[in-house]
Amino acid sequence: MKKIISIIFAECYREFVYAKRYSIERFSSIVMLFFIFFGIVYSSTTSFGSHHLNNSDPISVSHRIVGFLMWFFALDAVGHLSSSLREDLHIGILEQIALSPYPLMFNMLGRSVSRLFINMFFAFLLFITFQLTFKVKIYIPITVFIFFLITYAGLYGLGLFFAGLTLIFKRLGPVTTITRFLLLIFTGAIIPLNTFPYFLRVFAQTLPMTLGLNIIREIIFEKTSLQAIFTNQNFYLFIVNSLFYLLLGIFTFIILEKKARSKGALGTY
C-alpha cells in the first residue's frame, strides 16, 4: 500500500512540475477558452430563462458559465490521460514506467488527481474573470462539490477508457476531440436541452456530464435542498451513470493494459 501511495504522489509531483515548467502553454490555453466562451455568449440565440430574453441576459450567462466550467474539467478529464500516455510512448519512457510490478492504473490516478487540483486553480481564475466580464454574480454552495466530484468520477472513467485504447492503438485521431465537443454541445452546458429534438434529449441523458450538471444548476440557481435532490429519481440515475462510466473505464484500461503487456506493445510507438 505504501508503494502504491508513493506511485500516486510521484505522478502528482510530475504533473505539478510539468504545469510549472510549461505554464505559458497552460495560461495561453486558458485565454483561448475565455475567448471561446465570449464568442459563445454573444453568438447564441437561445435562452435558459423561462421567457424570451436577449443573448446576454444574466440568467442565461450564469447558466452558461457554470456549464462551461464543468466542460472545462471534462475537457481535461476525457483527453489528458490518453494524450499523456501517447507522449510517454513517443519519448520512450512508458516501458520504464511500466516496469513497476503495480498496474498503470495507479499512475493514471495520480495524474488525474493532480490535474484536478491544477484545473481547480485555473477554473477559479476563469470563474472570477467571467463574472467580472459579464457583470454577473454566482454563489456556489459547498454542497455542489459533492456532486461535482461524482460527475468528475464518470468523466475520469471515460478518460481511462480512451487511455486504454491508446495503449493498443497509439493514436486515436480525432476521437477524443469529437467526444469533448459532444460534451460541450449535447449536455446542456451552453445550449438548453429543451431546444433539442426528443431523441437528442434522450441521448444527452446518457452522457457522463448531463445529469450531474443539471443537479449542480438546481442547487445553485433554484436553491434546491439536498433532501429534494435525494428524493428525485434523477439523482439515482446520476449515480448509476457516473458509476457505469467509471467502471467501464477501469475495466477497459485493466484489460487493455494486460493485452498491451502480453504483446510487448508498451515500448513501441
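The values are calculated or read from the model by the stated rules, or taken from the named source; none is laboratory data. All of these numbers come straight from a predicted model, not from anything done at the bench. Ideal geometry is used to build each Cβ from the backbone, glycine not excepted, and the neighbour counts take in all protein chains shown.
Here are the numbers for this structure:
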item	result
Some residue of region 262-269 being part of a helix (DSSP H, G or I) and either surrounded by 14 or more Cβ atoms within 10 Å (Cβ to Cβ) or touching a Lys or Arg at 6+ places or on another chain (Cβ under 6 Å) (or both)	no
Search result, residues across region 101-113 that are within 16 Å of Phe148 (Cα to Cα) and in contact (Cβ under 8 Å) with a residue 60 or more places away in the chain	Val113
Tabulated pairs, region 1-30, first over 22 Å from Leu125 (Cα atoms), second of a type in the set (Val, Ile, Thr) and assigned to a helix (DSSP H, G or I), C-beta under 9 angstrom, 6+ apart or interchain	Ile8/Val113; Glu11/Val113
Region 162-175, residues that are crowded, with 24+ Cβ neighbours inside 10 Å and either over 22 Å from Leu104 (Cα atoms) or aromatic (Phe, Trp, Tyr) (or both)	none
Residue tally, condition loosely packed, with under 14 Cβ neighbours inside 10 Å and under 26 Å from Leu237 (Cβ atoms), over region 111-142	2
Positions within region 153-176 being more than 16 Å from Ile255 (Cα to Cα) and without any contact (Cβ under 8 Å) to a residue 12 or more places away in the chain, in sequence order	Gly173, Pro174
Count - residues of region 205-220 that are buried (at least 24 other Cβ atoms within 10 Å of the Cβ) and assigned to a loop (DSSP other than H, G, I, E, B)	2
Qualifying residue in region 26-40 (condition: among the β-branched types (Val, Ile, Thr), closer than 30 Å to Phe106 by Cα, modelled with pLDDT of 80 or more and not in a loop (DSSP other than H, G, I, E, B))	yes
Pair list, Cβ < 7 Å and 6+ apart or interchain, from region 50-76 residues that are within 17 Å of Leu33 (Cα to Cα) and modelled with pLDDT of 90 or more to residues that are among the small types (Gly, Ala, Ser) and assigned to a loop (DSSP other than H, G, I, E, B)	Gly67/Gly188; Gly67/Ala189; Phe68/Ala189; Met70/Ala189; Trp71/Ala189
